[in-house]
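Please read the structure below before turning to the comments.
Laboratory data are not the source of any read-out in this text; all were calculated from the coordinates shown. Given the structure is predicted, the values throughout are model-derived calculations rather than measurements. Quick reminder, even Gly has a Cβ in these numbers, built from the backbone with ideal geometry, and neighbours come from all protein chains shown.
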Amino acid sequence: MRAVDLFDEGVEVPCIARELRVSEKSVYQWRRTWRTGGREALCSGGPCGCGCRLGPYLQARLAMWLDEGPAAHGWADDQVWTAARARTLIGRKFHFSCSVLGVTRLVHRMCCSVQMPARPAAERGADAIIVWREATWQEVRPSGRRPARSSASGTKRA
């Protein structure tokens, strides 16, 4: 919109490009669009790409199925939704496929997040962690000394 203001003032294209730190070609394209469609033609058209194939109603149904848990849909080994499982569920219920990344983005837009356990595992031994931290870590920890400065060339200095 700053470019439109400068067009109205009669500023030359190279000056506009320098001020806005863009190429002159972009400024010429903006000016052509502005002349044919006005200020509204230069407004953002929103994010690019295809819209979501699941409308609000279908997203609500998907959220309901996700709330039921993986066991209700055939995954009895553990109770964790992964993006791959959600993708499979979408394929089964809605009969179309989408990418794992697309499912991840969809689930995040639906205000779901990565699942975290409600409490620490019962098998976790606090005493074993303390022993490891005090004994084993001291042995394997890096010394903290940095390597000496060296030349990157393969020849010796004269």
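With the helix formula -39500 (n - 2.57) applied to DSSP H stretches of n ≥ 4, the chain reaches a computed 222 nm mean residue ellipticity of -13500 deg cm²/dmol.
For the peptides 63-70, 81-88, 37-44, the ranking by mean Cβ contacts within 10 Å, running from highest to lowest, is 81-88, 63-70, 37-44.
Looking at the square roots a ≥ b ≥ c of the eigenvalues of the Cα gyration tensor of the chain, which shape do they give, rounded for a/c under 1.5, prolate if a/b is larger than b/c, or oblate? In terms of gyration-tensor shape, oblate.
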